[in-house]
Every structure is written in C-alpha cells, then in structure tokens.
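Below: one structure in structure tokens.
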Amino acid sequence: MENTVVIGAQWGDEGKAKITDLLAQNADIIIRYQGGCNAGHTVVNDGKTFKFHLIPSGILYKNKICFIGAGTVICPEVLNEEIENLKKNNIDLSGLKISPLAFVTMPYHIDIDGCSEDTAKGAAKIGTTKRGIGPTYTDKISRHGIKVQDLFDIDGLSKKLDNILPLKNKELTLIYGLKAYSKDYIMDLCAKYAQILKPYVCFEWQKIFHKAIEQKQSILFEGAQGVMLDVDWGTYPYVTSSNPVAGGACTGSGFGPNVIKEIIGVSKAYITRVGEGPFATELNDETGDKIRNIGHEFGTTTGRPRRTGWFDAVVAKYGVLVSGLTSMAVTKLDVFDTFDEIKVCYAYKDKRSGEIFDYYPTNTNIHEFLEPLYETHAGWKTDISNIKAYDELPQNAKKYLQRLEELMGVKISIISVGPDRHQTIFR
Ligand code: GDP
Ligand code: IMO
Ligand code: MG
C-alpha cells in the first residue's frame, strides 16, 4: 500500500475508523497524528464493536506498529481504560507505541474545559467534549505543557511544575472559581501516569521511522475529527484545537510530506455535526430525525445526538482543496436505502445580496444569512447493505455518487454500505 492519510472531510464521525481499519490490513505502521480522547472511533469486525479514543484503529491486526503520535494529547486515564478493554478482548498490544513528544492532559485541563463550557453563554459556547482538549493544546502553544517524556524525568518535571502550577492555580481559582491543586498531588498523579504509559512509550521512535523509510514500509496516517473542525481551516471558533487536515499528518507524526502518496477524505453520504457552529444544510425536521435514527447518529464519545443534514458539496470541495485529497471514501450510503428523494447542496446564496457562493465562505459571521441551494436526486429504494461491487449498486445510487464526484472534483475510491468490514465496495 502507498503511504496514505485518512482524514475526515466533514465535521468528524464520518467513519474514518472503519476506513482506517480496512486499509490497516495492508499497512506496517498506523499512526494517529492529532486530537485526543475527544475522538470516538468505531470499528466493527465480524459483528463485534470496538470503540477507540486514542489507540489507532489498526490495533485489531497482529504484527503492526500502532503509534500514538507527537501531535496528540493524551489523557492517561482514558487511554488506560482503552488498553484494559482491549486486553480483556485478548487483543495483542505489543505493537502499541506512544510518542514521548505527545502532550499530557492534566486534571486542570479537564476542569477548565468543563467549567468554561458550562459557564459560556450564547455564541461563546463551543459544545466541546469537555475532555480538556482545548486547554491541553493551549498550554502546548503557550509553552506550559507537560510532555509524555517529562513524566520520566522527575527533577525536570518538578522544576516545570514550579513554574506552571502557580499559574494554573491562579487561573483555576481566580478566573473559574475552582479548586487549586497541590504540587504533591500532581507529582503523585504524574508518577501514576508514568506507570500507565511506561510499557508503550517509544523513545527509539527515530530508529523505527528511519527503518520504515529505508525498507519502504507502508505507513497509514489516521486523522481524528475532520477538515471543518480544524483550528486553522474549520469553522473557527467552532472547531477543535488541532489540525486534522492532511498537513497535520506531517507535523503530528514526524514524517515529512514527501512520504505521503495518497490522501483519502472520508465523508458520509449526508453530513453530521456535534456541538455548536454553522451547518448550512442542517435539517431540523422529520428528515433530519430519520437520518439520525437510521444512521444511529449519537456521539461515540459523549452520546450527544448528532445534528444531521444533506450532503454539502461546497464543504467537500473545500476539503479536497485544503487537504489535497486524492480520493474520497463515502460512508453510510445505506442510510438512504428507504429515501424517496435525496438532496445535495451545490452552492450557497446570500439572502441579503443574492450573491452565490460555490466556494466555502470562511467568515462564519455571514453564515446565518446563507441559504443552501439544492439539487434533488431520486432514491434507490433498495437494501444495498450487502452489495460488494460498484456495478451491482442500483442505477440511482451510482448516479448519486457520480454527481458527488463531479461536484467535489475528486474520485470516490471507497463506498461503505454498512458498519462491518465486509460492507465495503472498493473501486
Ligand atoms: P469516526 O469518528 O469518523 O471514526 O466515526 P464514528 O465511529 O464516530 O461514527 C461512525 C459510525 O458509523 C460508527 O458507529 C460506525 O460503526 C458507523 N458506520 C461506518 N460506516 C458505516 C456505513 O457505511 N453504514 C452504516 N450504517 N454505518 C456505518
Ligand atoms: P472523531 O475523531 C465529532 C467537536 C466537539 C465540538 C468541537 C470542539 O470521532 O471524528 P473539543 O472537545 O475537541 O474541544 O470540541 O469539536 N469534536 C468532534 N465532533 N467527532 C469528533 O471526533 C470530535 N472531536 C471533537 O463536538 O464541537
Ligand atoms: Mg467519531
């Protein structure tokens, strides 16, 4: 397999994990490059469901290196739960490795995320997963972060905390009215975290990466979230705090852009979003409920009902551009099996001026004035969940996919017609 990046091309939950798991079969190294336990990645293998937050979705295969990369933020407690759950299911974890350069989510990050979400009013509410993701990345950028490698250098950690903890405690108590943490408590906690992570932390990652390049091993880069949640390219401020776009695969892994050959975007045949922020094609009606119910659109991490809407080709085309997608995987096509009609948004119209946008307007302040323009496609009214070949798809399903290709400007290389591995059509 050519070295490939798998990224979400919408607002997350597109089915990236299913696609990553499938492609991982032919990969030597699978590396998760950004995000943290805000991600909820579902893999269904022979009817058995696995949910991952941090562990790469290639872990179900033996003899693969599954790397949690430098661009991620790690909550050791959540990771420990994932590890224990996999052990219970007799999954081999000998290939699991953690970058010493990844950042650790501390309890104060979770406190701050929860409190700022709970107290935010109106437009200030982001609808985060309250997993401490934003505050962990904030500390990384402001150079107050704790890296995984710091947990193994007690003296260094102690000195760092002497600088960081008084600042954090001021923030916790004076801004948020929360409890401060003692240094002893945090040092003890870090010792516990070190114990959890120790079997997996990979200080010799450079050797492994050199070998991968020299021996032309196959590397699969797994993104979390999606293009529209990217901190630079998404619907800011209603985004996550990292770079899910393909560029993030380099900064978050330690491999350069020259090793990447394929970039597969993953899109649902419709679109969903959890949390706040603009969503032009959102359906607050019976059709939206129907998509939610048939597609089981409830968050993997938080259980929140996902907002649902028609496929937005303007969003998809934007993703093709900013992530340089070489092809798209379209998932959940089966969810439309009973639909009479399916709509696709091909452009937006500004209700004030009549201006038409066939590219994504990045100023989210104007989105309340935008109206999606739709074309309507006839449904196929057939169960497609067991179809294995593109040619066997009903004519109307093929027409729908062909139209999406035209609008997005990229080929559809994979079509997913159900959650299980075998419910997949490769072209
Ligand atoms: P991710 O975060 O992008 O990996 O996606 P999630 O795991 O959060 O959400 C995708 C959900 O859709 C999971 O429950 C998958 O099992 C399920 N799924 C993936 N592909 C398909 C598909 O083609 N059809 C149906 N019906 N479900 C799918
Ligand atoms: P996967 O990898 C869908 C959303 C949250 C919120 C915003 C910021 O499973 O696709 P954060 O906790 O990251 O600060 O929240 O981002 N969000 C996701 N939405 N799928 C995800 O991950 C998400 N991770 C974060 O709902 O709107
Ligand atoms: Mg998810």
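What is the residue count in segment 363-377 for residues that are surrounded by 13 or more Cβ atoms within 10 Å (Cβ to Cβ) and over 19 Å from ILE412 (Cβ atoms)?
8
Checking the structure you have, find out if any residue of segment 30-46 is outside any strand (DSSP E or B), assigned by TED's automatic domain parsing to the domain that holds VAL231, under 24 Å from ARG306 (Cα atoms) and out of contact with any His (no Cβ under 9 Å at 6 or more places or on another chain).
Within segment 30-46 (the criterion being outside any strand (DSSP E or B), assigned by TED's automatic domain parsing to the domain that holds VAL231, under 24 Å from ARG306 (Cα atoms) and out of contact with any His (no Cβ under 9 Å at 6 or more places or on another chain)), the answer is yes, since at least one residue qualifies.
Of all strands (runs of 3 or more DSSP E) completely enclosed by segment 217-306, which ones contain at least 1 residues that are away from ligand 3 (no atom under 15 Å from the Cβ), out of contact with any helix residue (DSSP H, G or I) (no Cβ under 7 Å at 6 or more places or on another chain) and not β-branched (Val, Ile, Thr)?
Fully inside segment 217-306 and qualifying: 262-268.
On to the next question. Any residue at all in segment 319-333 that's charged (D, E, K, R) and either surrounded by fewer than 22 Cβ atoms within 10 Å (Cβ to Cβ) or in a helix (DSSP H, G or I) (or both)?
The answer is no, given that none of the residues of segment 319-333 is charged (D, E, K, R) and either surrounded by fewer than 22 Cβ atoms within 10 Å (Cβ to Cβ) or in a helix (DSSP H, G or I) (or both).
I would also like to ask the following. Could you list, in sequence order, all residues of segment 44-68 that are under 14 Å from the mean Cα position of the chain (by Cα) and buried (at least 20 other Cβ atoms within 10 Å of the Cβ)?
Once the filter is applied, which keeps residues that are under 14 Å from the mean Cα position of the chain (by Cα) and buried (at least 20 other Cβ atoms within 10 Å of the Cβ), segment 44-68 yields PHE52, HIS53, LEU54, ILE55, PRO56, SER57, ILE68.
In addition: Consider only pairs whose beta carbons are under 8 Å apart and that are at least six residues apart or on different chains; among these, list those whose first residue lies in segment 286-302 and is more than 16 Å from GLY418 (Cα to Cα) and whose second residue is buried (at least 17 other Cβ atoms within 10 Å of the Cβ) and aliphatic (A, V, I, L, M).
GLY299/VAL274; THR301/ALA39; THR302/VAL274
Consider segment 84-95. How many of its residues are surrounded by 14 or more Cβ atoms within 10 Å (Cβ to Cβ) and either farther than 19 Å from ILE29 by Cβ or not assigned by TED's automatic domain parsing to the domain that holds HIS53 (or both)?
Qualifying residue count for the region: 1.
Further question: When only residues in segment 229-256 that are touching a Pro at 6+ places or on another chain (Cβ under 9 Å) and within 16 Å of ligand 1 (Cβ to nearest atom) count, which is farthest from ALA27 (Cα to Cα)?
Among them, the one singled out is GLY234.
Looking only at segment 290-329, count how many residues are among the aromatic types (Phe, Trp, Tyr) and within 16 Å of ligand 2 (Cβ to nearest atom).
So the count comes out to 1.
Against the definition (more than 16 Å from ligand 1 (Cβ to nearest atom), at positive phi and assigned to a loop (DSSP other than H, G, I, E, B)), how does ASN26 come out, yes or no?
When the stated conditions are applied, ASN26 does not pass them.
Quick one: would you say LEU172 is touching a helix residue (DSSP H, G or I) at 6+ places or on another chain (Cβ under 7 Å), assigned to a helix (DSSP H, G or I) and either surrounded by 16 or more Cβ atoms within 10 Å (Cβ to Cβ) or touching a residue at least 60 places away in the same chain (Cβ under 8 Å) (or both)?
Yes, satisfied.
Just one of ILE414, ILE356 is surrounded by fewer than 17 Cβ atoms within 10 Å (Cβ to Cβ) and aliphatic (A, V, I, L, M); which is it?
Answer to the check: ILE356.
Rundown of residues vs (1) in a loop (DSSP other than H, G, I, E, B); (2) away from ligand 1 (no atom under 16 Å from the Cβ); (3) of a type in the set (A, V, I, L, M, F, W, C); (4) under 25 Å from ASP230 (Cα atoms), yes/no style:
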residue: TYR346; (1), (2), (3), (4): no, yes, no, yes
residue: SER353; (1), (2), (3), (4): yes, yes, no, no
residue: ASN365; (1), (2), (3), (4): no, yes, no, yes
residue: LYS388; (1), (2), (3), (4): yes, no, no, no
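Separate question: It is to be established whether one or more residues within segment 144-152 are part of a loop (DSSP other than H, G, I, E, B), in contact with a helix residue (DSSP H, G or I) (Cβ under 8 Å, 6 or more places away or on another chain) and closer than 23 Å to VAL239 by Cβ.
yes
Restricting to segment 271-307, give me the number of residues that are over 21 Å from the mean Cα position of the chain (by Cα) and among the hydroxyl-bearing types (Ser, Thr, Tyr).
Residues in segment 271-307 being over 21 Å from the mean Cα position of the chain (by Cα) and among the hydroxyl-bearing types (Ser, Thr, Tyr): 1 in total.
The values are calculated or read from the model by the stated rules, or taken from the named source; none is laboratory data. The shown structure was predicted, so the numbers you read here are calculated from the model rather than taken from an experiment. Backbone-built Cβ (ideal geometry, glycine too); neighbour counts: all protein chains shown.
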